[in-house]
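Here is the structure we will look at.
Throughout, read-outs are computed from the coordinates displayed, never taken from laboratory work. As the structure is a prediction and not an experimental result, all values here were calculated from the model. Counting neighbours? That spans all protein chains shown, and the Cβs are built from the backbone with ideal geometry, glycine included.
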Amino acid sequence: MTDGTSRPGTDRPPGTVAPEVSGGDVDVLVIGAGQAGLSAGYFLGRNGFAPESGYVLLDGGTGPGGAWRDRWPTLRMSAVHGVHDLPGRPLGPVGPDRPAAEVVADYFAAYEREFALPVHRPVRVTGVHDRPDGRLAVRTDVGEWRTRALVNATGTWRHPFWPHYPGQETFAGRQLHTADYRGPAEFAGRRVVVVGGGTSALQLLDEVATVAAETRWVTRRPPVILDGEYTPEWGRAAVARVDARVRAGLPPDSVVAATGLVWTEQLRRMRADGLLHRLPMFARITPEGVVWPDGSGFAADVILWCTGFRAVLDHLAPLKLRGPGGGIVMDGTRVVADERVHLIGYGPSASTIGANRAGRTAIREIRQLLDRTPASAGTRL
């Protein structure tokens, strides 16, 4: 697996931050170098922004790949719904049995090299603050950058959602989240409860069931699995529903809530194998397992929470962007409360194809904003 990219004229190890790079002044700063961040970087270059002096990308990972670096090793490309091509460079043919984490990390690394994207990593952003001169101060563990506009492309992977149920802290077995899953081997001979109705829950249930002593699949709502295939019309309708929520200042729904599930060969096989017997959510957790409202229970060794993720936005808290609805009011990719800030990979753009489109839109609007705004003038609404 490729571990990073080096800058022309330097001899530092790939993917590292040069000691002298500890902040600076730029026109646009991108936080995150996954699909959304790389897309933004590509369009920044195409819109006349110079690498390093005009824009930089700060990434918290140790190498290219974004959240894909952390996908479980047993996730093969054949089970991935699709990795949409980044703008300007197609992924190309990929063997179906190759690990998705490896494929995407290599692809992103090659992309960073080809377009000479100024990615600095690992850099952890600790907070974004307003400045009296109209710029934003992006504080990190290696220094402070000052920028006229900000593209936040941090995704969700670093913020797994753990719901709380009575007795959860008393459970004597192991609890883990999708983000912690590394493969089925560690569940051999175990009694496992898989919680969640999304694609990841079903993929992990399928894997775990091959080695576990017993499994139970539970969801809050009965899953709806539809016949047919994902179509452009279906996708547009799902995006429109999520867009309506974020325009109203509500937190975006989960992906499965927006798109639903469709019958795949994998799901048909799981149904034939009796794995899709869904149970309603349990009422409480005991040291020995889980208990339903009717008093029935299941003695479990492991609870696997496939309960999704939330947007990684804590570093934006100093800007006070959240509205009364708990979300951030958006107009496309732009934050309504502060036109300097764009969110991509958030809400309706939280998909690989959506991130590409959002990157193009965000950079076009930022170019227009900076062209009409003196560098010394504030733009906060």
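For Ile285, Ile31, which order do you get if you count the other beta carbons within 10 Å of each Cβ and list the fewest first?
Ile285, Ile31
For the stretch 306-311, what does the Karplus curve 6.51 cos²θ - 1.76 cosθ + 1.60, with θ = phi - 60°, yield as ³J(HN,Hα) per residue in whole Hz, taken in order and with x for Gly and Pro?
Using θ = phi - 60°, the values come out as 9, 10, x, 9, 10, 4 Hz.
Apply the Karplus parameterisation 6.51 cos²θ - 1.76 cosθ + 1.60, with θ equal to phi minus 60°, to every residue of the stretch 147-159 and state each ³J(HN,Hα) to the nearest whole Hz, in sequence, with x for glycine and proline.
Going residue by residue, I get 9, 7, 8, 10, 10, 9, 10, 8, x, 9, 4, 7, 10 Hz, with x marking Gly and Pro.
Considering the dipole of the chain built from charges on the beta carbon (Lys and Arg +1, Asp and Glu -1) around the Cα centre, which of Gly189, Leu117, His159 is farthest to its positive end?
Comparing the listed Cα positions along the dipole, His159 ranks first.
Report the net charge of residues surrounding Val125, where surrounding means a beta-carbon distance below 12 angstrom and charges are Lys +1, Arg +1, Asp -1, Glu -1.
Within the 12 Å Cβ shell, the charges total 0.
Can you order the peptides 36-44, 307-315 by their average number of other Cβ atoms within 10 Å per residue, highest first?
The packing order, highest mean first, is 36-44, 307-315.
If I take every Cα pair under 8 Å that is 6 or more residues apart in the stretch 42-111, average their sequence separation and divide by the length, what percent do I get for the relative contact order?
39
Rounded to the nearest 0.05, what FRET efficiency is calculated for Ala299 and Arg131 with R0 set to 45 Å and r the Cβ-Cβ distance?
According to the calculation, E is roughly 0.20.
Quick one: in the stretch 31-105, what % of C-alpha pairs are over 20 Å apart?
It works out to 38 percent of all Cα pairs.
For Ile363, Ile344, which order do you get if you count the other beta carbons within 10 Å of each Cβ and list the fewest first?
Ile363, Ile344
Show the residues, 5+ positions off or on another chain, whose built amide H is closer than 5 Å to the amide H of Arg124.
Asp141, Val142
Over the alpha-carbon set of the stretch 95-136, divide Rg by the Kirkwood Rh and report the Rg/Rh ratio to two decimals.
Checking Rg against Rh, the ratio lands at 1.24.
Relative to the longest principal Cα axis of the chain, at what angle does helix 232-247 sit, 0 to 90 degrees, rounded to 10?
Helix 232-247 sits at roughly 70 degrees to that axis.
When the helices in the chain are scored as -39500 (n - 2.57) per DSSP H run of 4 or longer and the sum is shared across all residues, what 222 nm value do you end up with, to the nearest 500 deg cm²/dmol?
After summing the helix terms and dividing by the residues of the chain, the value is -7500 deg cm²/dmol.
For the chain, just list the percent of Cα-Cα distances falling in each 10 Å bin from zero outward, please.
Taking every Cα pair in the chain, the percentages come to 5, 22, 30, 24, 14, 5, 0.
Let me have the relative contact order for the stretch 96-173, percent, based on Cα pairs under 8 Å that are six or more residues apart.
About 15 percent, as a whole number.
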